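Each reported figure results from applying straightforward, stated rules to the coordinates on display, with no laboratory input. Note that the coordinates shown come from a computational prediction; the quantities given were computed from them, not determined experimentally. Note: ideal-geometry Cβ built from the backbone for every residue, glycine included; neighbour counts use all protein chains shown.
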């Protein structure tokens, strides 16, 4: 035991150099600061499922997991359209959801942003326009950004949300 302690004392502390800062952490911080500089607070999103198959919703839920951590960017989902800055709409607009989507859109304070998610929200998808479907979201309300895909990945969703924020900033 004494021999081991002498060896430890003569060797000193041996450790690795500290790792370099992760560039992704810097990117997240820069994005958060940019959102705060444009909006002045957290970006609040209201999501409306206008008749989708729930594929896009699964990808939206992934935004809140630890990998994507959308709240770390200063973006959060809210329950009331009166607290929202941005409206995310998934699915083709079913006829029975048309009035609800319009009321939600009207309840969001100006300036409001609308992002259509998925092929169904952008083009009507396989449902198109029929007696039961109004088709694409832009047939019912004005859309600022469309994020195609069936379903789009969480990364593409974040890109679409950030594109809408930048669109608002450039328009102002």
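Quick look at the numbers
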{"read-out": "Calculated FRET efficiency for the pair residue 6/residue 153, C-beta based, R₀ 45 Å, to 0.05", "value": "0.20"}
{"read-out": "Cβ-based exposure ranking for 131, 68, in which fewest neighbours within 10 Å come first", "value": "131, 68"}
{"read-out": "Pairwise centroid distance, computed over Cα atoms, of segment 71-115 with segment 52-66, Å", "value": "16"}
{"read-out": "Likely footprinting exposure, 150, 44, fewest C-beta neighbours within 10 Å first", "value": "150, 44"}
{"read-out": "Full-stretch length increase - residue 166, residue 107 - with 0.36 nm per residue and alpha-carbon distance subtracted", "value": "19.0 nm"}
{"read-out": "Counting DSSP beta bridges with both ends in segment 29-171, the antiparallel % (nearest 5)", "value": "10"}
{"read-out": "Estimated FRET transfer efficiency when R0 is 30 angstrom, pair residue 130-residue 99 (beta carbons, to 0.05)", "value": "0.95"}
{"read-out": "Where a label projected 7 Å from the Cα of residue 27 along Cα→Cβ would reach, residues of segment 135-149 with amide N under 12 Å", "value": "none"}
{"read-out": "Estimated D of segment 93-172 in µm² per second, where Rh is the Kirkwood radius over Cα pairs and Stokes-Einstein applies at 10 °C, 1.306 mPa s", "value": "120"}
